[in-house]
1. Can you tell me which of VAL108, VAL188, VAL121 moves the most in a GNM of the chain? Springs connect C-alpha atoms under 10 Å apart.
2. Order by neighbour count: TYR246, TYR174, fewest other Cβ atoms within 10 Å first, most last.
3. Along the Cα-to-Cβ line of SER91, 7 Å from the Cα, sits a label point; which residues in segment 39-55 have backbone N less than 17 Å from it?
4. Would you order HIS276, HIS19 from fewest to most other beta-carbon atoms within 10 Å of each residue's own beta-carbon?
5. If one puts a single equal scatterer on every Cα of the chain and applies the Debye formula without solvent, what log₁₀ I(q)/I(0) results at q = 0.11 Å⁻¹?
6. Among the lysines, select those whose C-alpha is under 24 Å from the C-alpha of LYS76, and discard any that sit fewer than 8 residues away in the same chain.
7. What is the local net charge at THR275, summed over the other residues whose Cβ is closer than 14 Å to its Cβ (Lys, Arg +1; Asp, Glu -1)?
8. By per-residue mean of other Cβ atoms within 10 Å, what is the highest-first order of 96-103, 160-167, 149-156?
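Every read-out reported here was derived from the displayed coordinates using simple, explicitly stated rules and does not represent laboratory data. None of these values were measured; they are calculated from a predicted model. So basically every Cβ, Gly included, is an ideal-geometry build from the backbone, and we count neighbours across all protein chains shown.
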Amino acid sequence: MIHQKFIFETPASITIQQHILQDQQRFPGASGEFSFLLSAITLATKKIQAKVRSAGLIDILGAHGVENVQGEIQQKLDVYANEAMIHCLASRPSVGVLASEENEQPLVMPHLSPSAKYAVVFDPLDGSSNIDVNVSVGTTFSIFRRPDGADFEDPNAWVLQPGNKQISAGYVVYGSSTVMVYTVGNGVHGFTLDPNVGAYVLSHENMKMPEQGSCYSVNEAYANNFPPEYGAFIQSLRDGALGHSYKSRYIGSLVADFHRTLLRGGIFMYPPNKTHSEGKLRLLYEANPIAMIAEQAGGRATDSNQRILDIKPTGVHQRCPLIVGSKLEMEAFEKLCQ
Ligand code: AHG
Ligand code: MN
Ligand code: MN
């Protein structure tokens, strides 16, 4: 009898596909196209994580030797990850346009299906500089509905939408385990890849960012060129102005630095600096998905003037300052900026 009790008491393993389908039931008549789209992303990230996990054993480390649109030397894994995302997503007739950090222009899907209703924007491999030294990297994605009247002649119209129009956003962090975190606008859920079965299994249901943390995350090497409010804010954290002292953690992969902030609270900042007057991070496929997840989990995300999600993009690769984290730290920073 105990054995039976145990079986029925332990929570059943819910895979991400089951979770999405359950969620779709909130929309009667949902066609299942959206869950089919998300399954393309989960498939692509499983292919990417397989390469990340064996990077040292196969010829996937190191630079690909080509400069990308960002003027950065593409790593081989950037190229592989980008092709995996494009390949998997291009097979979904509901996807009309893709935009990637690794492609200068948005990509119009060759099927040109008139029923295509989504655009997907992504950073196939975030934190590339960390690949060769075996530090966590990630993938980010952001999903928009095709704007009314948008056709394939103007793919920019599909993707240059403010973050508050995202219908879904998320990331995968390839860390000590592979975790996918996503939202469709009603809460944030995390799924850990079970390598034995190759399925993402629900591990963090309804994630909430703590109201306050004890860690700030910024690349202090650029501190001399931060606008003054950033330095003053960091000093106030060091001085215990928010009630306790803070430690500093900076991994250099946005997805990993944010994932820690989501779980533990605190604040992540990428301010403007000498080389990047608007900050280094890109609005469409880094700041926006992270900001949607943060807000859905009770945190906040700004560019120091406005909500990230309210910024009207003018370019696929435009950059913006990103300050994201717990309610209390964000309120303190925003007050300093006024
Ligand atoms: P990517 O590898 O996709 O270009 O992104 C790297 C970004 C982001 O992941 C991280 O927060 C930031 O670069 C780190 O930049 P610094 O090395 O200048 O701190
Ligand atoms: Mn990135
Ligand atoms: Mn990248």
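1. Result for the chain, Cα springs under 10 Å: VAL108 fluctuates most.
2. TYR246, TYR174
3. Residues passing the 17 Å test: 39-51.
4. HIS276, HIS19
5. One equal scatterer on each Cα of the chain leads to -0.71.
6. The reachable lysines, counting only those whose Cα sits under 24 Å from LYS76, are LYS46, LYS47, LYS51, LYS280.
7. Net charge in that neighbourhood comes out at +1.
8. 96-103, 160-167, 149-156
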